[in-house]
1. Any chance you could give the angle, 0 to 90 degrees and rounded to 10, that helix 39-65 forms with the longest Cα principal axis of the chain?
2. So what's the angle, to the nearest 10 degrees on a 0 to 90 scale, between helix 135-149 and the longest Cα principal axis of the chain?
3. When the solvent-accessible surface of protein heavy atoms is calculated with a 1.4 angstrom probe, in what order do E65, E22 fall, highest first?
4. Report, in degrees rounded to the nearest 10, the 0 to 90 angle that the Cα long axis of helix 180-190 makes with the longest principal axis of the chain.
5. Can you give the FRET efficiency for S91 and A213, using 1/(1 + (r/R0)^6), R0 = 22 Å, r = Cβ-Cβ distance, to the nearest 0.05?
6. From the backbone phi of the range 197-210, what are the Karplus-calculated ³J(HN,Hα) couplings (6.51 cos²θ - 1.76 cosθ + 1.60, θ = phi - 60°) in whole Hz, Gly and Pro given as x?
7. May I ask you to order 11-18, 129-136, 195-202 by the average number of other C-beta atoms within 10 Å around their residues, highest value first?
8. Report the full-extension gain for the segment T38 to V140: residue separation times 0.36 nm, less the Cα-Cα distance, to one decimal in nm.
Amino acid sequence: MRVTPVEKTAVVDLLGVLAYAELTAFDRLAEDARLAPTLGGRAALARMAAAEIAHHGRLTERLSELGVDPGTAMAPFVSALDAFHEGTRPSTWLEGLVKAYVGDGLATDFYREIASFLPDPDGALVLDVLADTGHADFAVREVRAAIKADRKVAGRLSLWGRRLVGEAITQTQAVIAEHDGLAELIITGTGDLAGVSRLIERITHAHTERMKALGLNP
């Protein structure tokens, strides 16, 4: 499938935002690893951080193949993503796990939906780098164990999870509003407002299932 100018703009935007998201994910996982209560937990997050920086490398390599400077492609998204992370900085090990699983998970679902509208190889690349790096099972196991040990943990983390989702939605809306290529790709890909509504319903359902998997109230 030939990429039209609008599609190429959307491709560059999507690869750019994801490249920066993977870079910040590496930073945050490496930082959160130092909060781990065990050496095993620290090592697990370090391995996940390594996977994220590898994804970053693949995305920037593809941007270069498209004739785009990776730094230039990432720059428009720095403000929105940094604001999200600054406003949702975890204060505990468990909050960090919930943020990566729930908050980042919602953004991942959104970008995965967009990727389905892209031609290959870019659609396949995006889906590949958005694949779980092992964090999901690890987060579920750690959070559920903490709740089993202290039921009060569930209430605090449920509130934290809901706050993360609100912030994540605000951040993704800002990204779409400021980048016409992404907005047009969503509208074209979904077909109409009903299609957009179904997309939102799928993302909302996935969030609810993640919260339940952790043993938290959506």
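The values are calculated or read from the model by the stated rules, or taken from the named source; none is laboratory data. Since we're looking at a predicted model, the values are computed, not measured. Reconstructed Cβ throughout: ideal geometry from the backbone, glycine too, with neighbour counts over all protein chains shown. Remember, those area values only see protein heavy atoms, side chains included, never the ligands or the DNA or RNA. Shrake-Rupley method; radii C 1.70, N 1.55, O 1.52, S 1.80 Å.
1. So the inclination is approximately 0 degrees.
2. That helix lies at roughly 20 degrees to the long axis.
3. On the way: E65 120, E22 15 Å².
From most exposed to least exposed: E65, E22.
4. Helix 180-190 sits at roughly 80 degrees to that axis.
5. On the way: r = 23 Å, r/R0 = 1.03.
E between S91 and A213, to the nearest 0.05, is 0.45.
6. Couplings: 4, 5, 4, 4, 4, 5, 5, 5, 5, 4, 5, 4, 5, 5 Hz.
7. Values: 11-18: 24.5, 129-136: 16.9, 195-202: 13.6.
Highest-to-lowest ranking by the protection proxy: 11-18, 129-136, 195-202.
8. Working: separation 102, 0.36 × 102 = 36.72 nm, distance 1.63 nm.
Extra length available between T38 and V140 comes to 35.1 nm.
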